[in-house]
1. In contact with a Lys or Arg (Cβ under 9 Å, 6 or more places away or on another chain) and on the phi < 0 side of the Ramachandran plot: which single residue out of ILE10, ILE24, ILE17 fits that description?
2. Inside the range 232-255, can you point out the residues that are of a type in the set (Val, Ile, Thr) and in contact with a strand residue (DSSP E or B) (Cβ under 7 Å, 6 or more places away or on another chain)?
3. Show the residue pairs that are 6+ apart or on different chains and have beta-carbon atoms under 8 Å apart, the first residue being within the range 139-154 and touching a residue at least 40 places away in the same chain (Cβ under 8 Å), the second being basic (Lys, Arg) and not in a strand (DSSP E or B).
4. Do we find a residue being open to solvent by 30 Å² or more (accessible area, probe 1.4 Å), more than 28 Å from VAL94 (Cα to Cα), touching a helix residue (DSSP H, G or I) at 6+ places or on another chain (Cβ under 7 Å) and not in a strand (DSSP E or B) anywhere in the range 177-185?
5. When VAL105 is evaluated against the numbered criteria (1) more than 24 Å from TRP207 (Cα to Cα); (2) open to solvent by less than 90 Å² (accessible area, probe 1.4 Å); (3) not acidic (Asp, Glu), which criterion, by number, is the only one it fails?
6. Just one of (1) farther than 21 Å from VAL121 by Cα; (2) open to solvent by less than 40 Å² (accessible area, probe 1.4 Å); (3) touching a His at 6+ places or on another chain (Cβ under 7 Å) trips up MET145, so point out which.
7. Could you tell me whether GLY98 is part of a loop (DSSP other than H, G, I, E, B) and open to solvent by 10 Å² or more (accessible area, probe 1.4 Å)?
Amino acid sequence: MNILDPQGPIAAADKVILIDSIAIMLAIVLPTIAAIFAFAFWFRRSNPRANYLPDWEYSGRLELVIWSIPALTVILLGGVAWIGSHQLDPARPVEGTGPGVTIQVVSLDWKWLFIYPDQRVASLNSLTVPVGSPLHFELTSSSVMNVFFVPQLGSMIYTMNGMVNRLELRADEVGNYQGLSAHFSGDGFPDMLFDVHVVSQTEFADWASSAARSGGSLDRRTYDELAKQSVPKDKPVYKLTDRLLFHDIATQEIPPAPGPELTSNLARPTSNPGSSSAGNAGGGGNNAR
């Protein structure tokens, strides 16, 4: 998950912005560090050439230096952020060499569900994409807010229940990479990782055909089981039997999952005898979650 080893155009642009921003900020950091040591050396007690000016209080030239450099830095950083935010708009189409692939992403507790509506297949914690093709991601959440992020492919983006965010990416090199959740969402958050397999166009078609034949069925009943909080060890594939599943999740036709709950009592607040009536008035023990 090396952000300095991009494998797509979006990640490469992110790397350029990161390096440029650091270089611009070093224009303040490095001279400031150098000035600290220079002033300490020059104005040491043993230096008779250093002028002692107890009545000094203002210098226009010094003020110009002190304020102009940070102002220029802010202007440069603002320009980089302004240009980059438009060029790297998550929903801005990315050109590719092959046919585009639509992937519907659902963040669950604590796993990732990937639905391929055109191929009529789905996978859990494993994202398979063809190299060079524009990747059209549609993202939502089954419960709490989360963040989808493949560091070597590009920008992270939030997933939220009741709405759909869009992200356009492209993978330029065949290989295996790693994706993750970048937003804390409960006990299973550290294990909320997923594999990213970038394969050739032919291998992707073969994978989709094999998943459609050998995978179990993904329907409303299967989704209800997946929506329960867990950290699965397997990465199964499914045959998509309900093409409106993602639509029903995003529009809340399927009720949102309850979200992460405490898996132990170590962090659960303890109630004192005097608060029982207040707890009952506020809805009982569910408020402790």
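1. Details: ILE24 fails: in contact with a Lys or Arg (Cβ under 9 Å, 6 or more places away or on another chain); ILE17 fails: in contact with a Lys or Arg (Cβ under 9 Å, 6 or more places away or on another chain).
Just one listed residue meets the conditions, ILE10.
2. So the first thing to find is which residues in the range 232-255 are of a type in the set (Val, Ile, Thr), and the list is 237, 241, 249, 251, 254.
VAL237, THR241, ILE249, listed by residue number.
3. Final answer for the pair search is LEU153/ARG170.
4. no
5. (1)
6. With respect to (1) farther than 21 Å from VAL121 by Cα; (2) open to solvent by less than 40 Å² (accessible area, probe 1.4 Å); (3) touching a His at 6+ places or on another chain (Cβ under 7 Å), MET145 is out only on (2).
7. Working: part of a loop (DSSP other than H, G, I, E, B): yes; open to solvent by 10 Å² or more (accessible area, probe 1.4 Å): yes.
Yes; evaluated as a whole, the condition is true for this residue.
For (1) within 30 Å of GLN178 (Cβ to Cβ); (2) part of a loop (DSSP other than H, G, I, E, B), each residue gets a yes or a no:
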position	(1), (2)
ASP5	yes, yes
ALA27	no, no
ALA34	no, no
ARG45	no, yes
SER68	no, no
LEU72	no, no
VAL80	yes, no
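The values are calculated or read from the model by the stated rules, or taken from the named source; none is laboratory data. In this text the structure is predicted, and so the values were computed from the model without any measurement. Quick reminder, even Gly has a Cβ in these numbers, built from the backbone with ideal geometry, and neighbours come from all protein chains shown. Quick note on the areas: whole protein, heavy atoms, side chains included, nothing else; ligands and nucleic acids left out. Shrake-Rupley method; radii C 1.70, N 1.55, O 1.52, S 1.80 Å.
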